[in-house]
Structures are given as C-alpha cells and as structure tokens.
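Novice: Here it is, the structure, as structure tokens.
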Amino acid sequence: MKDKLIHLLIMTATIIRASVNNQKDLPQIVDSMLLAFSADPFFRWIYPDEEQYLSSFPGFVKLLMNEHIDINCTKDAEGAAFWLPPQQEMDLDTFAAYMQETVSPQDLDKVAAVFEGMNHAHPKVPHRYLVLLGVTTSKQGRGYGSSLIEPTLLECDRTQQIIHLETCNPRSAAFYERHGFERQKEIQIADCPIIYPLVRYPKNQAKTILLAS
C-alpha cells in the first residue's frame, strides 16, 4: 500500500497540472478530447458522420468547461477528467438545447431517451460524477488515466463519497473496475451501444446506501 501511494504521488507530480489555465489550456483540452473520443462508441453513435462529430463534439466539451465542473488536466493538456461535485447539478436544459442543434433530427428522440435513462441510473444519494475522462490516443497506456482519477479516488475515500460514471467502452469499464468501480444494471435503449453505469463506494464504508431501482 505504501509503495502504491509513493508511485501515485510520483506519477501525479509528473503528469498532473495543479490548476487549469483558462486562456492556454482549455483550447488544447478541447482538441485532446476530440482525438480521445474519435472512436468512442457512445459519442460516435450520437455523431456518426465524421464531419458532424468534428463540428459538434468540441462544443459539447466546451459546455463542460463551466464554474460547476472541476477539471483535472495533464501538464501537456493531452488528458483531462471532468468532475461534477456532489453539491452541483448538470445543466440538463443547456445540454438538451445543444443536442437539438447538433444531432440529426431523426435521432433526437432516441438520444433524449438515452440521456434520460442515464440520468435515472445515477445514485439517489449525493455523489461525485465523473462526467468525462479522456486521454489523446498518442498518450494512452502511459498511466495518464490513472493519474487523472486516483487523487480524487483517495479524496473520496477520505470524505466517504460515492463516485458514479458511465461508459459504452468495455475496455474503459474494465479500467474503472481495476480502480474499485462496480458495474450496475446495463442501459440499452434503441440502437444505442450498451451503456455500463459504474459506481465506486468509498473504502471502509459498508454498502448500506443502495441505488434506487
């Protein structure tokens, strides 16, 4: 345990920026997320056309760059984690309006149904929400993802906070499971890829807080 903590501290000091510079980092983060999610099953289901994805996904990422969401960023801005604290809520109306502007009209109803299903799957108790975690393809497999989330995992253990996230990528689900997350009931609506909600309970906490069905 001690060796793991020392390794985490070294990796975090090497990779993670303590704060995000809005003027310099945010455009680079948007570009990195565009590359990181270029083959993501969920976002490419929403934006299947290449031009549609390239023109619309950056705006989605920019919506997450607001005062309610905490961003952990790598020093080279090629990886980032977007966290919604327990006391904050997503601005669902703003995201719905953006989907209406950017999603093909024939797909709007099923996209809205999927987001509604994802929202229903959240724990019905205060929790931290990992909205987005991405590392540009050239830096994947180098420990960036772990270094971006592990400090928050330790903090949530200390403060006894639950963490929730979703992914459509089985490899990503396995990555989160290695960090203590547990798969919940899968979501599958229309022709959307299977969505895996995952929850991480803080260590040393008995699972007496149940998710609503």
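Novice: Can you name the residue in region 72-101 that is modelled with pLDDT under 90 and polar (S, T, N, Q) and is also surrounded by the fewest Cβ atoms within 10 Å (Cβ to Cβ) among such residues?
Specialist: It comes out as Q87.
Novice: Ok, one more. If K139 satisfies all but one of (1) surrounded by 15 or more Cβ atoms within 10 Å (Cβ to Cβ); (2) over 17 Å from F175 (Cα atoms); (3) at pLDDT below 95, what's the number of the condition it fails?
Specialist: Just one mismatch for K139, condition (2).
A quick yes/no check of all residues on (1) modelled with pLDDT under 95; (2) surrounded by 11 or more Cβ atoms within 10 Å (Cβ to Cβ):
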| site | (1), (2) |
| --- | --- |
| T14 | yes, yes |
| R17 | yes, yes |
| N21 | yes, yes |
| D25 | yes, yes |
| F37 | no, yes |
| F43 | no, yes |
| E51 | no, no |
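Novice: Return the pairs, sorted by first residue and then second, in which the second residue is surrounded by fewer than 13 Cβ atoms within 10 Å (Cβ to Cβ) and in a helix (DSSP H, G or I), the first residue lies in region 102-116 and is touching a residue at least 40 places away in the same chain (Cβ under 8 Å), the beta carbons are less than 8 Å apart, and the residues are 6+ apart or on different chains.
Specialist: Qualifying pairs under 8 Å: T102/S55; T102/G59.
Novice: Take the residues of region 172-199 that are under 14 Å from the mean Cα position of the chain (by Cα), under 15 Å from D40 (Cα atoms) and of a type outside the set (A, V, I, L, M, F, W, C): which is modelled with the highest pLDDT?
Specialist: Y196
Novice: Something else about it: Restricting attention to region 119-150, which residues are in contact (Cβ under 8 Å) with a residue 40 or more places away in the chain and charged (D, E, K, R)?
Specialist: K124, R128, K139, E150
Novice: Also: Look through region 27-73, keep the residues that are under 18 Å from A96 (Cβ atoms), assigned to a helix (DSSP H, G or I) and aromatic (F, W, Y), and return whichever of them is farthest from the chain's Cα centre (by Cα).
Specialist: Filtering first and then ranking leaves W45.
Novice: Of a type in the set (D, E) and either buried (at least 18 other Cβ atoms within 10 Å of the Cβ) or at pLDDT 95 or above (or both), is that true of E150? Even if it seems obvious, please write down each step before you answer.
Specialist: On the way: of a type in the set (D, E): yes; either buried (at least 18 other Cβ atoms within 10 Å of the Cβ) or at pLDDT 95 or above (or both): yes.
Yes; evaluated as a whole, the condition is true for this residue.
The values are calculated or read from the model by the stated rules, or taken from the named source; none is laboratory data. Computed from a predicted model, the values in this text were never measured in an experiment. Because the Cβ atoms are built from the backbone with ideal geometry, glycine has one as well, and the counts that use them run over all protein chains shown.
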